[in-house]
Each structure stands twice: as structure tokens, then as C-alpha cells.
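In what follows, a single structure is set out as C-alpha cells and then discussed.
The values are calculated or read from the model by the stated rules, or taken from the named source; none is laboratory data. Note that this is a predicted model, so its numbers are computed, not measured. As a convention, Cβ positions derive from the backbone with ideal geometry for all residues, glycine included, and neighbour counts pool all protein chains shown. Surface areas here come from the heavy atoms of the whole protein model, side chains and all, with no ligands, DNA or RNA. Shrake-Rupley method; radii C 1.70, N 1.55, O 1.52, S 1.80 Å.
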Amino acid sequence: MFLSKLLPLNEALSKIDEIQKTTEIETVPINECHNRILAEDIYSAHDSPPFDKSAMDGFALIAEDTFGASQANPKHLKIIDQIGAGDFSDKKISSEEAIIIATGAPIPEGANAVLMKEYTESDGDNLEVQSQVSPKENISPRAEDIKEGDKVLNLNTFIRPQEIGLIASAGYNEIKVFKKPRVKLIITGNELVEPSKTLNKAQIINSNQYVIRAMIESAGAICDVSHEYDNFENVKKSIKKASNDYDIVITTGGTAISKGDIVIDAVDSVGEVIFHGVSIRPGKPAGFGIVNNTPVFMFSGQPVAAMGQFDMFARKFLFKMQGFDYNYHIVKRESRVKIPSTLGRTDYIRAVSDDNFTHHVLNRGSGIIRSMVEANSYIIIDENDEGIEKGDLVNILFFDSMNWNR
């Protein structure tokens with residue numbers, strides 16, 4: 001049921017946006033929240049640090065007692081106590097007194113500075129001060145980082161290692177996050193076999209199951225994979241079952257009219273095909289539908305086309321399912337080559353790009369996986385352009401920038 005009129009890319013994306021879903025919320029321990037999306041605002045339960053603390057190992061003292069001190073003219077103080085990390089002193093420092101203090105330990109009463117150990121000499125309880133220090137120097141004041149009641153992170157924040165530290169500092173040992181989408185990847189094709197060093201005639205190694213699964217997981221989702229032969233009834237049953245058990249279904253193969261639209265027809269028989277055929281290169285026979293209120297992305301069996309289709313259609317959808325307002329990071333680079341295109345079609349050209357220029361990866365078809373390894377980016381040619389000339393500034397999308405922890 002290949003549609004005779006190809007849909008512009010922007011229209012296809014708009015149709016997908018219309019049924020955008022968000023996953024449910026779950027509570028997870030803090031040590032399981034890395035690379036997840038916050039489903040709540042985080043407010044600090046206390047000050048951090050909760051007291052004035054020493055920023056280094058040294059001596060807590062009264063800064064004014066050190067004024068004028070040098071190696072040639074040292075000052076002399078009396079050591080009255082010692083404070084380790086996790087400990088405190090109930091002694092109050094008076095003039096010409098000091099307390100040995102470790103990094104992170106609470107500043108004792110009466111002290112207003114910490115002098116680094118390197119600028120001192122000590123013998124028993126006698127301290128020789130060989131440098132001066134200013135009031136408040138080497139002290140991390142209470143609530144320097146966050147204050148009790150402060151909102152420290154917003155809903156929909158992507159959680160990196162540094163956010164985990166802030167969440168912990170705010171007093172949380174578990175938080176609410178959006179659930180990871182559960183994706184069923186169905187690979188179709190009679191010719192596909194598992195990786196092997198020997199192949200029979202007409203057999204092709206099923207690389208899509210590994211490539212697309214890895215891309216799904218790079219978008220924060222959980223993926224299960226199955227392989228179906230080109231049998232209409234079996235494909236239909238597999239898609240219908242997956243639509244009941246998973247948040248998203250992604251298929252590869254069975255979308256091109258040259259092979260028979262088995263997947264498209266199967267989705268049409270148990271649900272609705274929203275579109276089939278998009279004015280893009282590579283990946284023109286991309287399809288999208290709904291079965292049991294579950295989105296079904298139908299991609300090409302050609303590995304490079306399927307990868308491009310995933311980046312164009314599914315990656316952002318998966319991000320947004322998890323509460324992450326994701327947008328592709330497009331940059332401008334000067335093209336070193338002339339690349340023809342066709343009005344009304346959006347091209348994603350594999351390219352090698354650097355800080356200044358971009359180069360077309362030439363003579364590579366949509367089945368040549370090696371071209372994606374050689375490339376590091378896409379040159380995006382808009383549907384309103386007939387191509388680009390050498391020296392033109394063009395839109396570049398780096399592969400690495402499509403990961404949400406970019």
C-alpha cells in the first residue's frame with residue numbers, strides 16, 4: 001500500500017508529534033538514576049555544607065594573629081586541640097591559639113580563617129606561623145552550595161553525575177524519574193541470518209538487530225528483539241502482540257514496494273498507517289502507524305537507511321517520552337564539495353566534518369554500513385534547496401551530538 005505521494009519530512013514529523021506520549025513515573029534509588037530524567041522538582045532538605053567548614057588541611061585560628069607573619073618574622077601560637085573530618089571541637093579559640101583541622105571539618109568557635117599547613121612549623125603544642133592569612137580565607141561557609149528549601153533541580157532535568165551529587169547533597173536517597181520506554185524491535189526478512197564467517201547463497205547477516213537495538217538503548221530505552229520471516233500472518237501477529245506488551249514498536253524491512261509491503265499491510269490490517277513514504281534520502285519508504293494506541297515506526301531493511309530513519313523519526317520521540325525536551329544541535333560548516341539535491345526532498349548526507357569544514361562521504365549506498373563508520377555527521381540539505389555549492393555554509397548534525405548526554 002505504498003502511498004503515491006511522498007510526505008515532506010516536516011509534515012511527517014508533525015504527524016508523529018501529534019501522538020507523542022510520556023511514560024509513567026517511578027521511584028528509584030539514587031544510585032540508579034544516572035542518565036534518567038527527573039519527574040519532580042528537587043528542593044534541598046538542609047544547608048550544604050551544614051556548617052562553616054575547612055577548605056583544606058591546616059590550622060584554624062584568628063586571622064589577625066597572623067598579620068605581618070613571614071619566614072623572617074614568624075608568629076607563635078599555641079595548639080589547643082585537633083579536629084579530624086567527621087569530628088568537632090567544643091573548645092573556643094582565643095587570641096594566639098590554634099587548632100589542627102582537617103579538610104571538611106567544622107570551624108571551631110572563635111576561629112575566622114584556616115592557615116595551610118605548608119606555611120607553618122610545629123613542635124608539640126607550639127605553632128610557628130610563617131605567612132599571614134585573611135579573615136574567612138580557606139573557609140567554606142555554611143550553605144555555600146545550597147540553602148535549605150532552595151529548588152536545586154527542575155522537573156525534566158537530565159541526570160548526569162554532577163546532578164547526582166547535588167541530589168545527594170540535598171538529602172535524597174531516592175527520586176522520581178520517568179520510566180524507560182519499552183521498545184519491541186521486529187526485524188523482518190527471509191534472507192537474514194545470525195553473524196557467521198560462512199554464508200549460503202542469498203543469505204545476509206542480520207546486522208540491523210544489533211545496530212538499531214544499540215541506537216534504541218542510546219536513547220535511554222529498553223529493547224527486546226525478534227526476527228520474523230516475510231510471512232504476513234506471522235508479522236501481523238507479532239506486531240499486534242508487541243503493541244499490547246510494549247510502549248513502542250519498531251520494525252525494519254518489509255516497507256519497500258519492490259519487496260512487498262508486508263509490514264505496512266500488517267499494521268494496516270490491525271491498526272492504522274498514518275503515513276508511508278517520506279520525501280527524504282536515504283529512507284524514502286519510512287512508515288508510521290498506530291496499533292492498539294501504540295506507535296509503530298516502520299523502517300527500511302537497509303542498515304544505513306534504517307539508521308537515518310531512526311535518527312530522523314524515533315530518537316527524539318523516545319527522548320520526549322521520558323520527559324526530556326530534546327532538540328537536535330545543528331551547526332554551520334563550510335562545504336568543501338558541491339552536492340546536488342532535488343527540490344521537495346530532504347537529504348541526510350553522510351559526512352566527515354570538523355571545526356571549520358565538512359566533506360561529503362562519496363559513493364556510498366544505503367546498505368553500506370562502513371560509510372556510517374567513516375562519517376561523523378550528517379549534512380542536512382533542506383527540501384527547499386536544489387543542492388549546495390562548494391564554499392556554501394551548510395547545516396551539520398554531528399552523530400555524537402544526538403546523544404542526550406552530549
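Observations on the model:
- Computed over segment 164-320, Cα set: Rg, Dmax in Å: 17.2, 62
- The convex hull of the Cα atoms of segment 128-167, projected and averaged over all directions, covers 5.0 nm².
- Members of K21/K241; K237/K316; K5/K180; K284/K316; K151/K316 lying beyond 30 Å, as alpha-carbon distances in this model show: K5/K180
- Note that the chain presents 49 Å² accessible area per residue, ligands and nucleic acids not counted, probe 1.4 Å.
- Cα-based convex hull volume of segment 54-199 per residue, rounded to whole Å³: 230 Å³
- The chain - mean residue ellipticity at 222 nm from DSSP helices (-39,500 (n - 2.57) per run, n ≥ 4, rounded to 500): -5000 deg cm²/dmol
- Choice from N231, N138, N395 with maximal GNM fluctuation in the chain (Cα, 10 Å cutoff): N138
- Using distinct alpha-carbon pairs, which all enter the 1/r mean, Kirkwood radius of segment 38-98 in Å: 14.8 Å
- The value obtained for segment 213-252, namely the Cα convex hull volume divided by the number of residues, is 65 Å³ per residue.
- Share of carbon and sulfur in the accessible heavy-atom surface of the chain [1.4 Å probe, %]: 46 percent
- Entry for semi-axes √(5λ) of the Cα gyration tensor in Å (calculated from the structure that is shown) out of (1) 30, 26, 21; (2) 62, 25, 18; (3) 33, 26, 18: (2)
- D_trans [Stokes-Einstein, Kirkwood Rh over alpha-carbon pairs] for segment 74-159, 4 °C, 1.567 mPa s, µm² s⁻¹: 87 µm²/s
- Value of D in µm² per second that Stokes-Einstein yields for segment 233-316, Kirkwood Rh from Cα pairs, at 37 °C (0.692 mPa s): 264 µm²/s
- Each Lys and Arg contributes +1 and each Asp and Glu -1, all at the Cβ; summed about the Cα centre of the chain, the dipole is approximately 2300 debye.
- Sum of side-chain charges, S95 neighbourhood, beta-carbon under 9 Å (Lys, Arg +1; Asp, Glu -1): -4
- Cα pair distances exceeding 27 angstrom across segment 1-136, given as percent: 50 percent
- Each Lys and Arg adds +1 at its Cβ and each Asp and Glu adds -1 at its Cβ; summed about the Cα centre, segment 206-315 shows a dipole of about 220 debye.
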